[in-house]
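This report concerns only the one structure given below.
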Amino acid sequence: MIDINLPILIAQILTFLVALYIVWKIAWGPLVSMMRRREDIVRENIEKSKEERQQAEVLKKDYEIQLGAIREESQSIFSQAVKDAQKERDEIIRTAKEEAGKIASGARKELVIEKERLVKELRGEVAGLAVEISKKLIEKTIDKGVQEKVLKDVLDNIDKHPVN
């Protein structure tokens, strides 16, 4: 059986209490103080982390809004560029059609002028031939006064009937 020696038990209890008191006075205060500081640091870090997370959320929302605005602006710029290109294309086509019309109109005018020149030249040739033919025929049959009258009638008749 176990024998309990009371004076040794009391001495051990007193030694334990004295050691506990010494540890309490020397180590417990700084240990508790250190634990409280560590707890405060952890609490501050958690609060700081929450604040930074909230700031990050706000920044994320701001960036998403800015990104949306940039996308809208780029879409608007692209749409405007397409419209401008369409206008430019239409303007080029319109200008080309005008130029083609001017060229065709100029060619028509040149053709009309050339036609008139050729008609005049042809009339002159026809008149010259008519004069020669008439001259030869008339020399044989009619006197000079009648020849001039017939020639004038032929020339007037040619001028009245334009060539188309």
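Each value in this text was obtained by applying a stated rule to the coordinates, not by laboratory testing. Keep in mind it's a predicted model, so treat the numbers as computed, not measured. Because the Cβ atoms are built from the backbone with ideal geometry, glycine has one as well, and the counts that use them run over all protein chains shown.
Where does each of D3, D153 land when they are ranked from fewest to most other beta-carbon atoms within 10 angstrom?
Listed from fewest to most nearby Cβ atoms, that is D3, D153.
If you work out Rg/Rh (Cα atoms, Kirkwood Rh) from the coordinates, which of (1) 1.00; (2) 0.94; (3) 2.07 do you get?
Looking at Rg/Rh (Cα atoms, Kirkwood Rh) for this model, the match is (3).
Looking only at I46, I26, I93, which one moves most when the chain is put into a Gaussian network model with springs between Cα atoms under 10 Å?
Between I46, I26, I93, it is I26 that shows the largest mean-square fluctuation.
Give me the net charge of N45's neighbourhood, meaning all other residues with Cβ under 13 Å from the Cβ of N45; Lys, Arg count +1, Asp, Glu -1.
The answer is 0.
Mind giving me the FRET efficiency for E148 and L111? R0 is 45 Å, r the Cβ-Cβ distance, nearest 0.05 is fine.
Computed FRET efficiency for E148 and L111 comes out at 0.75.
Note down the magnitude of the dipole of region 13-160 about its Cα centre, charges +1 on Lys and Arg C-beta and -1 on Asp and Glu C-beta and zero elsewhere, to the nearest 20 debye.
Here region 13-160 has a charge dipole of around 320 debye.
Give me the extension gain from K120 to T15: residue separation times 0.36 nm, minus the current Cα-Cα distance, reported in nm with one decimal.
Difference between extended and current length: 22.8 nm.
Ordered by residue, what ³J(HN,Hα) values in Hz, to whole numbers, does region 26-40 give under the Karplus form 6.51 cos²θ - 1.76 cosθ + 1.60, where θ = phi - 60° and Gly and Pro are x?
3J(HN,Hα) across region 26-40, in whole Hz: 8, 9, 5, x, x, 5, 5, 4, 5, 5, 5, 4, 4, 4, 4.
In whole Hz, what ³J(HN,Hα) sequence does region 104-114 give by Karplus (6.51, -1.76, 1.60; θ = phi - 60°), x for Gly and Pro?
5, 5, x, 5, 4, 4, 4, 5, 4, 4, 5
Would you kindly derive the ³J(HN,Hα) couplings of region 59-69 from the backbone phi angles with the Karplus curve 6.51 cos²θ - 1.76 cosθ + 1.60 (θ = phi - 60°), listing them in order in whole Hz, with x for Gly and Pro?
Result, ordered by residue: 4, 4, 5, 4, 5, 5, 5, 4, 5, x, 5 Hz.
Take S74 and R53, extend 7 Å from each Cα along the Cα→Cβ direction, and tell me the distance between the two endpoints in nm.
Those two pseudo-labels are separated by 3.2 nm.
Quick one: among K115, K60, K25, which has the greatest mean-square fluctuation in a GNM of the chain with alpha-carbon springs under 10 angstrom?
K25
Find which of F16, I26, L129 sits farthest along the positive direction of the dipole of region 13-160, computed with +1 on the beta-carbon of Lys and Arg, -1 on that of Asp and Glu, about the Cα centre.
Of the candidates, F16 comes out farthest on the positive side.
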